[in-house]
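**Student:** First the structure, which I've put down as structure tokens, then a few questions once you've had a look.
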Amino acid sequence: MPVNVRIVQGLQEAAEILASDRGAQLLGGGTLLVRAINEGFMTEGTLLRTLDPVLLAMNTGGARVELGAGVTMAMVLANRDLSYLHAPARGIGGPAVRTTATIGGNLFAATPYGDFTTALLALDAVVTLHAGFGGARVMPLEEMLANRARGGVGLVASVGFNRPAGADTFRFLKVARVRPKGVSVLSIAAHLPQNGGRISGARIAYGAMGPAPLRAKAVERVLEGRSLDAATIAAAKTAALEGTQPATDAIASEWYRREVLPVHLGRLLAGETS
Amino acid sequence: MARMPVQFRLNGSDRAVFAEPTETLLVTIRRGLGDFAPKFGCGQGTCGVCTVLVDGEPRLGCLTLSVTCEGRSIETASGLADGPTLHPLQAAFMEHFAAQCGFCTPGMLMAAKALLDRNPNPTRVEVVEAIAGNICRCTGYEPIIIAILAAAQQRGARRA
Ligand SMILES: Cc1cc2nc3c(=O)[nH]c(=O)nc-3n(C[C@H](O)[C@H](O)[C@H](O)COP(=O)(O)OP(=O)(O)OC[C@H]3O[C@@H](n4cnc5c(N)ncnc54)[C@H](O)[C@@H]3O)c2cc1C
Ligand code: FES
Ligand code: FES
């Protein structure tokens, strides 16, 4: 039975189909799913396409930001309120990928993909999920990513997070060997709110350093309550690898990822990246 | 699986087709509608030879399902020339030797058109970024960048 496409109107209907049919997957932009079909990796099952406008909603002007899961990287780039997310959005493929690649698809993209998700993780994002027949519920992105490998997460309707306070509070770095559109060796996102010159509530996230984007909690602990000086940065670099589990793939070896991560983290914290 | 009806505009003409559910826009345009300008290269989103415009935005024909294009306006390189008059981008590509084997050219032209339609006066960096998803194995890219900048200049001169 070849792959089927089913068009449904509402999110709840789509979520119910996802819950009852293990072969069903939501179609986001399709940059990964259609590629899987082209390559013969996906030969059966159902792609669900929903036209629910909730997926394209963008609420970006206030302190609380909400982005529909169907929002594309190009839509993020076209939105001035989201300038702090432009670097991770611009890092995803070329322009013709970015017009198609959605935030929702990025949340499920296998490592080394997931650069935008890495940024969302450092923003302490939550996801609004429709799983099964029970309606919507909100879950921290970190928890959703931990559940991702098991499958059956459900349908993500949107992501929400607080807008970072200042221009320099949020930083993102993608390390790739091919510019401007190579796949990540790794990516790092850092949210560094300060209170009286000291970091308070730091969030550091890595992409391509584990099976899914992950928080660098040891680094966050090092940064907490300290000013961002050379000694703090050196201590952060020492803690950089804790909890990481990088893979060897066509882009880089596990060894290489471990070698370069502390260097790039140090540069990002020191504001030395362009 | 039953074929699905899809209607869209292709280079200004209304077209109606029946497409397999997972048929890509590239296959529909080439096999179904006989427009062979967009090419099939990798089928993975990495080479850009299948680039077309969907409602003015660059999209990869090989990764776009036709059924998602209902009611959209599609442009390919076949629609660029106005009768015997080449589009400024096509003329600039010819003038500046930006096509050698020509396999990447339809995709490059559409990526460039998407840029110039949105940003008529791009910088070199913006041109490089606009064609970052398009691979050319022949030219070394420089003639293509020069051609796109020249076309922008020429279009600007025409408007002035
Ligand atoms: C040339 C190329 C370069 C790329 N470069 C990068 C890169 O540098 N960095 C990067 O991170 N990615 C990259 N990608 C991968 C991909 O384009 C992105 O990760 C993109 O964001 C995936 O989104 P999509 O909408 O296309 O996903 P789809 O292909 O539509 O879906 C992917 C998976 O997510 C699931 N899904 C989608 N939306 C939802 C939802 N709302 N709720 C539940 N499940 C959902 C689907 O069911 C599927 O399992 C690249 C892809 C290509 C082709
Ligand atoms: S054929 Fe579409 S990107 Fe290569
Ligand atoms: S001209 Fe031959 S690939 Fe570009």
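The values are calculated or read from the model by the stated rules, or taken from the named source; none is laboratory data. Owing to the predicted nature of the structure, the values given are computational and were not obtained by experimental measurement. Glycine also receives a Cβ, built like all others from the backbone with ideal geometry; neighbour counts cover every protein chain displayed. Accessible surface is based on the protein model in full, side chains and every heavy atom, while ligands, DNA and RNA are left aside. Shrake-Rupley method; radii C 1.70, N 1.55, O 1.52, S 1.80 Å.
**Student:** Summing -39500 (n - 2.57) over the DSSP H runs of n ≥ 4 in chain A and dividing by its residue number, what mean residue ellipticity at 222 nm do you reach, to the nearest 500 deg cm²/dmol? Numbers along the way, then the final one.
**Tutor:** Numbers: 11 runs with 86 residues, N = 274.
Taken over chain A, the calculation gives -8500 deg cm²/dmol.
**Student:** Could you report region A:3-50's accessible area per residue, 1.4 Å probe, as an integer in Å²?
**Tutor:** For region A:3-50, the per-residue accessible area is 47 Å².
**Student:** So which lysines can residue B:113 reach, going by Cα to Cα under 20 Å and dropping same-chain residues fewer than 8 places off?
**Tutor:** Within the straight-line limit of under 20 Å, residue B:113 reaches these lysines: A:181, B:39.
**Student:** Could you compute how much accessible surface residue A:26 exposes when probed at 1.4 Å, giving the result in Å² to the nearest 10?
**Tutor:** 50 Å²
**Student:** Using a simple charge model, +1 on the beta-carbon of Lys and Arg, -1 on the beta-carbon of Asp and Glu, nothing else, what dipole does region B:1-94 show about its Cα centre, in debye to the nearest 20?
**Tutor:** Dipole of region B:1-94, to the nearest 20 debye: 200 debye.
**Student:** Here is a further query. For chain A, what's the relative contact order in percent, using C-alpha pairs closer than 8 Å and at least 6 residues apart? Don't jump to the answer; show the numbers that get you there.
**Tutor:** Values: 580 pairs, mean separation 42.1, N = 274.
For chain A, the relative contact order is 15 percent.
**Student:** When the dipole is taken about the Cα centre of the protein assembly as shown, and only Lys, Arg (+1) and Asp, Glu (-1) are charged at their Cβ, what size is it in debye, to the nearest 20?
**Tutor:** 520 debye
**Student:** A further question on this structure: Give the share of C-alpha pairs in each 10 angstrom bin for region A:53-162, from 0 to the last occupied bin, in whole percents, shortest bins first.
**Tutor:** Pair shares across the bins are 15, 52, 29, 4.
**Student:** Can you list the lysines whose alpha carbon sits under 25 Å from that of residue A:174, skipping same-chain ones fewer than 8 residues off?
**Tutor:** A:217, A:237
**Student:** Please report the projected area of chain A's Cα convex hull averaged over all directions, in nm².
**Tutor:** Working: hull surface 56.7 nm².
Result: a mean projected hull area of 14.2 nm².
**Student:** Summing +1 for each Lys or Arg and -1 for each Asp or Glu, what net charge is found among the other residues whose Cβ lies under 15 Å from the Cβ of residue A:148?
**Tutor:** Local charge sum for residue A:148: 0.
**Student:** Quick check: at a probe of 1.4 Å, how many percent of the accessible area of region B:88-159 sits on carbon and sulfur atoms?
**Tutor:** Using a 1.4 Å probe with all protein chains present, region B:88-159 comes out at 58 percent carbon and sulfur.
**Student:** Per-residue ellipticity at 222 nm for chain B, helices alone: DSSP H runs ≥ 4 residues times -39500 (n - 2.57), over residue total, nearest 500 deg cm²/dmol?
**Tutor:** Computed mean residue ellipticity for chain B: -9000 deg cm²/dmol.
**Student:** Also, I was wondering about something else. Please compute the per residue accessible area over region A:53-162 with all protein chains in place, 1.4 Å probe, rounded to a whole number of Å².
**Tutor:** 36 Å²
**Student:** Against the longest principal axis of chain B, how steep is helix B:105-118, in degrees 0 to 90 to the nearest 10, with axes from Cα atoms?
**Tutor:** Long axis of B:105-118 versus the principal axis of chain B: about 80 degrees.
**Student:** So, one more: If we count every other residue with Cβ under 13 angstrom of residue A:167's Cβ, Lys/Arg +1 and Asp/Glu -1, where does the sum land?
**Tutor:** Spelling it out: positives minus negatives among the neighbours equals +1.
**Student:** By how many degrees, between 0 and 90 and to the nearest 10, does the Cα long axis of helix B:142-159 differ from the longest principal axis of chain B?
**Tutor:** Helix B:142-159 sits at roughly 80 degrees to that axis.
**Student:** So, taking all protein chains as they sit and a 1.4 Å probe, how much accessible area belongs to residue A:113, in Å² rounded to tens?
**Tutor:** 80 Å²
**Student:** Give the angle, between 0 and 90 degrees and rounded to the nearest 10, that separates the Cα long axis of helix A:11-20 from the longest principal axis of the Cα atoms of chain A.
**Tutor:** Between helix and principal axis, roughly 80 degrees.
**Student:** Follow-up question, since we're still on this one. Would you mind calculating the relative contact order of region B:78-133 from Cα pairs under 8 angstrom and at least 6 residues apart, reporting the percent as a whole number?
**Tutor:** 24 percent.
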